[in-house]
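For reference, the structure is listed below as structure tokens.
The values are calculated or read from the model by the stated rules, or taken from the named source; none is laboratory data. As the structure is a prediction and not an experimental result, all values here were calculated from the model. Every residue, glycine among them, receives a Cβ derived from its backbone with ideal geometry; neighbour counts consider all protein chains shown.
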């Protein structure tokens with residue numbers, strides 16, 4: 001039979017924001033993915049607008065989980081990290097995520113955590 005949960009199908013190197021952030025996945029799912037993955041390609045990261053608060057919130061949770069687990073992440077996005085959330089009232093809340101994305105794309109990531 002096998003597991004039929006959405007997360008079971010998403011534990012693979014390449015995923016899209018649609019699969020990971022529009023799906024009904026929660027913090028526990030993102031933590032499990034982060035604990036399972038050593039490398040992740042995250043494709044299709046959009047600019048988050050006022051019509052996507054749930055997707056933006058799930059994306060932030062996902063990035064937090066991947067960052068804390070020191071997962072190597074390659075992101076294909078529509079903009080630079082600081083410009084992914086340009087709405088004035090939500091951009092401030094997105095700043096830590098943008099900062100983490102910048103750090104995660106440095107040549108020292110994730111090796112810096114091992115020193």
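Before moving on, here are some points about what is shown:
- Taking the criterion of being at pLDDT 90 or above and in a helix (DSSP H, G or I), the residues of region 83-97 that qualify are 83, 94, 95, 96, 97.
- Of all residues making up region 65-101, the number that are surrounded by fewer than 13 Cβ atoms within 10 Å (Cβ to Cβ) and touching a strand residue (DSSP E or B) at 6+ places or on another chain (Cβ under 6 Å): 1
- Looking across 100, 47, 57, one residue alone is within 18 Å of residue 19 (Cα to Cα) and either at pLDDT 95 or above or within 11 Å of the chain's Cα centre (by Cα) (or both). It is 57.
- Residue tally, condition surrounded by fewer than 20 Cβ atoms within 10 Å (Cβ to Cβ), part of a helix (DSSP H, G or I) and at pLDDT below 90, over region 12-31: 3
To keep it simple, each residue is scored yes or no on (1) outside any loop (DSSP other than H, G, I, E, B); (2) without any contact (Cβ under 8 Å) to a residue 60 or more places away in the chain; (3) surrounded by 13 or more Cβ atoms within 10 Å (Cβ to Cβ).
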position: 51; (1), (2), (3): no, yes, no
position: 54; (1), (2), (3): yes, yes, no
position: 103; (1), (2), (3): yes, yes, yes
position: 109; (1), (2), (3): no, yes, yes
